[in-house]
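Enquirer: Take this structure first; my questions come after.
The values are calculated or read from the model by the stated rules, or taken from the named source; none is laboratory data. The structure displayed is predicted, hence computed values, not measured ones. Reconstructed Cβ throughout: ideal geometry from the backbone, glycine too, with neighbour counts over all protein chains shown. Please note that ligands, DNA and RNA were not included when accessible areas were found on the heavy atoms of the full protein model with its side chains. Shrake-Rupley method; radii C 1.70, N 1.55, O 1.52, S 1.80 Å.
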Amino acid sequence: MLPPVSTGPMDPAWSPDGVWIAFSMRGDIWKVPAEGGEAIALTEGPAYHFEPAWSRDGTRIALTYEIDGDLEIGIVSADGGVVQRVTRSPGYDLQPVWSGDDRSIFFTSRRNRDLDILSASPTTPGNVQQGNLRISEIAGGRGNQFQPAISPAGDFMAYVGPAGGLGSGGIWVKKITLAEAEPPSTAEPTSNLGEPRLVHVEETSYRVEPAWSADGAAIFYSSDAAGSNDIAVVPAAGGNRVRLTEVLSDEFGVAVSPDGLRIAFVSNHEGPTRLYTIPVGGGARSSWREVEITSRRPRTETGVLRGRVLDENGQPTPARIMLVASDGRAYTEDGGFHRMMWINKRHYAHTDGSFEIEVPAGPVSIEAMRGFEYVPAATSADVPAAGSAEVTLSLERLGNLDALFTLGWYSSDMHTHDLHEGRFGLTQEMFFRQLEADDVRVANALIHMDGTKIMGRWDDLTGEPYELSTNDRILYYTQEFRGSYGHVALLGLQRFIMPLLGGARGTPYAPDVLKLAPIDAAYEQGGIAGFVHPYNGPVDTPQRAASADIPVHVALGRGDFFDVVSIASLEMESAEMYYRLLNCGFRLAATGGTDNFSDVWLDPSGGTARTYVHVDGAPPLTFGAWLDAVRDERTFGTNGPLLFLAVGHAVLGAETMVEPGGEIILETADDTTLNVRLAVASIAPLERVEIVVNGAVAHTWEATDFAADRATGAWQLTTSIELPGSGWIAARAVGPPSEYVGDAFPFAQTSPVYVVREGVTHTSVEDARFLLETINVLWDRVDQRDAFNTDAERRDYFDAIEAARAVFQRIIDGG
């Protein structure tokens, strides 16, 4: 929902005389003649500015802007100038609109955790930007209330609020007429508010943005009922919805002209948004009239930065670029996708290897990076006003990486999404180029259902790699199954496994279900299944660990991989549960999957969390061989550090080492010493590298232990481990927060090397008891929810619980 920095227009707003349309773009508020022409900037850096709202007298524009790391409400003259700050709060303030008399500004705020609609009014006679302000709640309480819109007469407010069921809320209307009082400071905005009235309900996704018709009889909004955002209208008194646009792209940000004859909106059918108007009654695509921006007039002098990104061979290469201009803001090529990683607030975009960006004149710093195998390259330039400067960024391979890699290691993402109702019109090719720029060699794009809405395109799952895939780079569209106690990725599918979700209240698929049937169906198609974003909270007790039903599935022989690394879960907590599963004799590949939304601006890119997979016989790479390598656990999951583990033993000979997923078979009389060799490289600093044996740290290298040995960005570490019995050996790396990592901190985890002595697999009674109790807690919760439609559904779920219980009980009894 948060407003984006964009290269195309966003959030249009008509001037009261109908001459201008204001909008946000490139971090500023602009205005352009309603018929098109030169766009004139009203703001300038260092803040980013969004969501313009024209005052009724036409002299001022309220806006949202980013300041002090937060979103606040400000006001700027309609002719441009310095922004005057209105709100000061630790929570987001956004979506401003003016009251009917221009004395107050209504806005959405998160200062009380949930979103509420508040008003800012002067405590002394004057306008809202003078003197002290009184902040009053207009619509609040449980749930989110947001996107206020004031009726033409100023006496009603439309907004989005909880309406039961799925989605972000329905459209409500509330009377807001203020009691007449002298002086104005005695007027209490909450003293004469009417009860809210529900006007319309559908499964919305923060794109509704209601706007009143000029006569106050109808409310326009953006509807997603047809599978893409369309402009729609509904009577203000309630009634049936009418769609006014019907194309496959998204249309949103509706604004009604003061004379009531036309609607302005933006559409992303060509990637970045474009600004259009249509007659108020809607019409075919041919009736759209583009408000063409023929030129831009910023408030500061600008120039052009031209550049190239080169690989280690001096050839242009796709990459990610991060630029900071003289005003402290980031900029992107015209038509590009401006993005930001929320964890570290770094703005970025992707390039095909060359770029041309208009920036404020003065010093510019720019950095390029390409995944985890290249050292980020930085440079700077001084861009002259009305002139240009050129830069070259040369990427070099990280350390002696070629010596660390054996043939066939491929960086992969187990869990990424291309479409998730973002504002940028992302095509399949654009998505593929994003992944290429971040050097993701195998990407699994998971189509799924959020609520009752498909996230992705039905036609993209073809059973074959995407058409632009090559012998060393593959994009494969497949499926995610979402349940009430966790999600699973189903990779390598030939066709959809229906339904796409379970345990979703308010849908035909409300009963709690396990993922046994979808996983089995994936296996029948030759695919694999794994547990994505496993644990996003503490797992120190069975009560807390019962947030996911993973132990049930693993006990029953389902699941091939476990995303220890993901931006949507906690690495150390997920690793703790991964170790418990390994300690019960189960085998799962340690993997990484981002779970990002690639069309959303405030999100990291695909490959932020990734899996390195060692594929036999590569190149050329095939998807079937890649699946086999994951099944064989020849993997490590990471969000930055690279870990290449090998374990040896005297019985194997001095030259033979076993990589993750492999076994070392020993007899009772064989030596208890195992030799561990670890190659480490990282674009981000590390604090420690650890060897984990049977769930406990057996050896640690602190950064000070090996930093001095770092010659070219990589380390070769060796140690010996004593293991008298059976068990498993894995490695992990941990580092402090880094600007190059799109997660809370750098982390990597390898799959284990298994040691089997006298044919006995290592198990832990303590961990089996913990997981058994976790399953008991899970069943208690499912039983209490009682979301089943039939006794058969309950019996099927309970029978699986009982079968999993028996598995863990056997481990306990045999301990």
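Enquirer: Taking the stretch 360-396 as the search range and keeping residues that are surrounded by 17 or more Cβ atoms within 10 Å (Cβ to Cβ) and of a type outside the set (A, V, I, L, M, F, W, C), which one is nearest to residue 308 (Cα to Cα)?
Expert: Start the filter on the stretch 360-396 by keeping residues that are surrounded by 17 or more Cβ atoms within 10 Å (Cβ to Cβ), which leaves 360-362, 364, 366-377, 381, 383, 389, 391, 393, 395.
This time we only want the ones that are of a type outside the set (A, V, I, L, M, F, W, C), so: 360, 362, 367, 370-371, 373-374, 376.
Working: 360: 20, 362: 19, 367: 11, 370: 13, 371: 17, 373: 19, 374: 16, 376: 14 Å.
Only one residue tops the list, namely 367.
Enquirer: Which condition does residue 523 not pass, out of (1) of a type outside the set (A, V, I, L, M); (2) open to solvent by 10 Å² or more (accessible area, probe 1.4 Å); (3) more than 21 Å from residue 566 (Cβ to Cβ); (4) part of a loop (DSSP other than H, G, I, E, B), if it passes all the others?
Expert: (4) is the only condition that residue 523 fails.
Enquirer: A follow-up question, please. Taking the stretch 325-354, which residues are aliphatic (A, V, I, L, M) and either in contact with a helix residue (DSSP H, G or I) (Cβ under 6 Å, 6 or more places away or on another chain) or within 25 Å of residue 594 (Cβ to Cβ) (or both)? So that I can check it myself, show each step before the final result.
Expert: Of the stretch 325-354, the ones aliphatic (A, V, I, L, M) are 325, 330, 340-341, 343, 349.
The answer is 330, 340, 341, 343, 349.
Enquirer: Is there a residue being part of a strand (DSSP E or B) and buried (at least 20 other Cβ atoms within 10 Å of the Cβ) anywhere in the stretch 310-319? Spell out the reasoning first.
Expert: Within the stretch 310-319, the subset part of a strand (DSSP E or B) is 310, 316, 319.
Add one more test, that the residue is buried (at least 20 other Cβ atoms within 10 Å of the Cβ), and what stays is 319.
Scanning the stretch 310-319, I find at least one residue that is part of a strand (DSSP E or B) and buried (at least 20 other Cβ atoms within 10 Å of the Cβ), so the answer is yes.
Enquirer: So which residues in the stretch 740-797 are of a type in the set (Lys, Arg) and buried (at least 23 other Cβ atoms within 10 Å of the Cβ), if there are any at all?
Expert: Applying the first criterion (of a type in the set (Lys, Arg)) to the stretch 740-797 yields 757, 769, 781, 785, 794-795.
None - no residue of the stretch 740-797 is of a type in the set (Lys, Arg) and buried (at least 23 other Cβ atoms within 10 Å of the Cβ), so the list stays empty.
Enquirer: Answer yes or no as to whether residue 337 is in contact (Cβ under 8 Å) with a residue 24 or more places away in the chain, over 30 Å from residue 267 (Cβ atoms), of a type in the set (Phe, Trp, Tyr) and in a loop (DSSP other than H, G, I, E, B). Steps first, please.
Expert: Numbers: in contact (Cβ under 8 Å) with a residue 24 or more places away in the chain: yes; over 30 Å from residue 267 (Cβ atoms): no; of a type in the set (Phe, Trp, Tyr): yes; in a loop (DSSP other than H, G, I, E, B): yes.
Taking the combined requirement at face value, the residue does not satisfy it.
Enquirer: Okay, next question. Name every residue in the stretch 20-37 that is outside any strand (DSSP E or B) and either of a type in the set (D, E, K, R) or under 24 Å from residue 325 (Cα atoms) (or both), in order of residue number.
Expert: Residues of the stretch 20-37 outside any strand (DSSP E or B): 26-27, 34-36.
Residues satisfying the conditions are 26, 27, 35.
Enquirer: Quick check on the stretch 645-671: of everything there that is in contact with a Leu (Cβ under 6 Å, 6 or more places away or on another chain) and either part of a loop (DSSP other than H, G, I, E, B) or at pLDDT below 95 (or both), which residue is farthest from residue 616 (Cα to Cα)? Break it down stepwise before answering.
Expert: Going residue by residue through the stretch 645-671, those that are in contact with a Leu (Cβ under 6 Å, 6 or more places away or on another chain) are 645, 647, 649, 660.
Okay, now just the ones that are also either part of a loop (DSSP other than H, G, I, E, B) or at pLDDT below 95 (or both), so 649, 660.
Values: 649: 23, 660: 13 Å.
Filtering the stretch 645-671 for residues that are in contact with a Leu (Cβ under 6 Å, 6 or more places away or on another chain) and either part of a loop (DSSP other than H, G, I, E, B) or at pLDDT below 95 (or both), the one farthest from residue 616 (Cα to Cα) comes out as 649.
Enquirer: Okay, moving on. Filter the stretch 153-171 down to the residues that are more than 25 Å from the chain's Cα centre (by Cα), under 16 Å from residue 221 (Cα atoms) and not aromatic (Phe, Trp, Tyr), then identify the one that is surrounded by the fewest Cβ atoms within 10 Å (Cβ to Cβ).
Expert: For the stretch 153-171, the residue satisfying everything is 158.
Enquirer: In this structure, is residue 46 open to solvent by less than 20 Å² (accessible area, probe 1.4 Å) and either out of contact with any Phe, Trp or Tyr (no Cβ under 9 Å at 6 or more places or on another chain) or outside any strand (DSSP E or B) (or both)? Break it down into steps so the answer makes sense when it comes.
Expert: Details: open to solvent by less than 20 Å² (accessible area, probe 1.4 Å): no; either out of contact with any Phe, Trp or Tyr (no Cβ under 9 Å at 6 or more places or on another chain) or outside any strand (DSSP E or B) (or both): yes.
In short, no.
Enquirer: Being in contact with a His (Cβ under 7 Å, 6 or more places away or on another chain) and of a type in the set (D, E, K, R) is the filter here, so list the residues in the stretch 592-637 that pass it.
Expert: Selection gives 595, 599, 634.
Enquirer: Would you mention how many residues in the stretch 619-637 are over 16 Å from residue 661 (Cβ atoms) and either among the charged types (D, E, K, R) or out of contact with any Pro (no Cβ under 7 Å at 6 or more places or on another chain) (or both)? Can you show your working first?
Expert: Narrowing the stretch 619-637 to residues over 16 Å from residue 661 (Cβ atoms): 619-624.
Within this subset, residues satisfying the condition of being either among the charged types (D, E, K, R) or out of contact with any Pro (no Cβ under 7 Å at 6 or more places or on another chain) (or both) are 619-622, 624.
Qualifying residue count, the stretch 619-637: 5.
Enquirer: Got a sec? Which of 64, 108, 59 is closer than 20 Å to residue 44 by Cα, open to solvent by less than 30 Å² (accessible area, probe 1.4 Å) and not aliphatic (A, V, I, L, M)? Break it down stepwise before answering.
Expert: Details: 108 fails: closer than 20 Å to residue 44 by Cα; 59 fails: open to solvent by less than 30 Å² (accessible area, probe 1.4 Å).
On inspection, the qualifying residue turns out to be 64.
Enquirer: Based on this model, can you work out whether residue 40 counts as open to solvent by 10 Å² or more (accessible area, probe 1.4 Å), assigned to a strand (DSSP E or B) and closer than 19 Å to residue 334 by Cβ?
Expert: Working: open to solvent by 10 Å² or more (accessible area, probe 1.4 Å): yes; assigned to a strand (DSSP E or B): yes; closer than 19 Å to residue 334 by Cβ: yes.
Spelling it out, residue 40 is indeed open to solvent by 10 Å² or more (accessible area, probe 1.4 Å), assigned to a strand (DSSP E or B) and closer than 19 Å to residue 334 by Cβ.
Enquirer: Has the stretch 173-186 got any residue that is at pLDDT 90 or above, buried (at least 20 other Cβ atoms within 10 Å of the Cβ) and assigned to a strand (DSSP E or B)?
Expert: Start the filter on the stretch 173-186 by keeping residues that are at pLDDT 90 or above, which leaves 173-176.
Still in the running and buried (at least 20 other Cβ atoms within 10 Å of the Cβ): 173, 176.
Remaining after also requiring assigned to a strand (DSSP E or B): 173.
Yes, the stretch 173-186 contains at least one residue that is at pLDDT 90 or above, buried (at least 20 other Cβ atoms within 10 Å of the Cβ) and assigned to a strand (DSSP E or B).
Enquirer: Tell me which of these residue 491 doesn't satisfy, since it passes every other one: (1) open to solvent by 10 Å² or more (accessible area, probe 1.4 Å); (2) under 21 Å from residue 560 (Cβ atoms).
Expert: Residue 491 satisfies every listed condition except (1).
Enquirer: Next question, about the same structure. Failed condition for residue 682, given (1) modelled with pLDDT of 95 or more; (2) in contact with a Pro (Cβ under 7 Å, 6 or more places away or on another chain), with all others met?
Expert: (1)
Enquirer: Do we find that residue 755 is under 22 Å from residue 697 (Cβ atoms), more than 33 Å from the chain's Cα centre (by Cα) and at pLDDT 95 or above in this structure? Steps first, please.
Expert: Numbers: under 22 Å from residue 697 (Cβ atoms): yes; more than 33 Å from the chain's Cα centre (by Cα): yes; at pLDDT 95 or above: yes.
So residue 755 fits the description; yes.
Condition check ((1) modelled with pLDDT of 90 or more; (2) out of contact with any Leu (no Cβ under 6 Å at 6 or more places or on another chain)) across all residues:
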position: 96; (1), (2): yes, yes
position: 106; (1), (2): yes, yes
position: 120; (1), (2): yes, no
position: 124; (1), (2): no, yes
position: 135; (1), (2): yes, no
position: 147; (1), (2): yes, yes
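Enquirer: Moving to a separate point now. Return the residues of the stretch 314-324 that are without any contact (Cβ under 8 Å) to a residue 60 or more places away in the chain and either touching a helix residue (DSSP H, G or I) at 6+ places or on another chain (Cβ under 6 Å) or over 21 Å from residue 737 (Cβ atoms) (or both); say none if nothing qualifies. Give the derivation first.
Expert: Going residue by residue through the stretch 314-324, those that are without any contact (Cβ under 8 Å) to a residue 60 or more places away in the chain are 315-316, 322-324.
Listed by number, the residues that qualify are 315, 316, 323.
Enquirer: If you go through the stretch 427-438 one residue at a time, how many are open to solvent by 10 Å² or more (accessible area, probe 1.4 Å) and outside any helix (DSSP H, G or I)?
Expert: Selection size over the stretch 427-438: 1.
Enquirer: Let me ask something else about it. Looking only at the stretch 598-630, which residues are within 14 Å of residue 442 (Cβ to Cβ), surrounded by fewer than 20 Cβ atoms within 10 Å (Cβ to Cβ) and not acidic (Asp, Glu)?
Expert: From the stretch 598-630, those within 14 Å of residue 442 (Cβ to Cβ) are 606-607, 609-615, 618-630; that's our starting set.
Pick out the ones that are also surrounded by fewer than 20 Cβ atoms within 10 Å (Cβ to Cβ) and you get 618-620, 622-625, 628.
Answer for the stretch 598-630, where residues must be within 14 Å of residue 442 (Cβ to Cβ), surrounded by fewer than 20 Cβ atoms within 10 Å (Cβ to Cβ) and not acidic (Asp, Glu): 618, 619, 620, 622, 623, 624, 625.
Enquirer: Answer with yes or no whether residue 355 is touching an Asp or Glu at 6+ places or on another chain (Cβ under 9 Å), surrounded by 22 or more Cβ atoms within 10 Å (Cβ to Cβ) and either without any contact (Cβ under 8 Å) to a residue 12 or more places away in the chain or not in a strand (DSSP E or B) (or both).
Expert: Numbers: touching an Asp or Glu at 6+ places or on another chain (Cβ under 9 Å): yes; surrounded by 22 or more Cβ atoms within 10 Å (Cβ to Cβ): yes; either without any contact (Cβ under 8 Å) to a residue 12 or more places away in the chain or not in a strand (DSSP E or B) (or both): no.
Here the answer is no, as residue 355 does not meet what is asked.
Enquirer: Sort through 552, 532 and tell me the only one that's more than 30 Å from residue 6 (Cα to Cα), over 16 Å from the mean Cα position of the chain (by Cα) and of a type in the set (Val, Ile, Thr). Walk me through how you get there before you give the answer.
Expert: Numbers: 532 fails: over 16 Å from the mean Cα position of the chain (by Cα).
Exactly one of 552, 532 is more than 30 Å from residue 6 (Cα to Cα), over 16 Å from the mean Cα position of the chain (by Cα) and of a type in the set (Val, Ile, Thr), namely 552.
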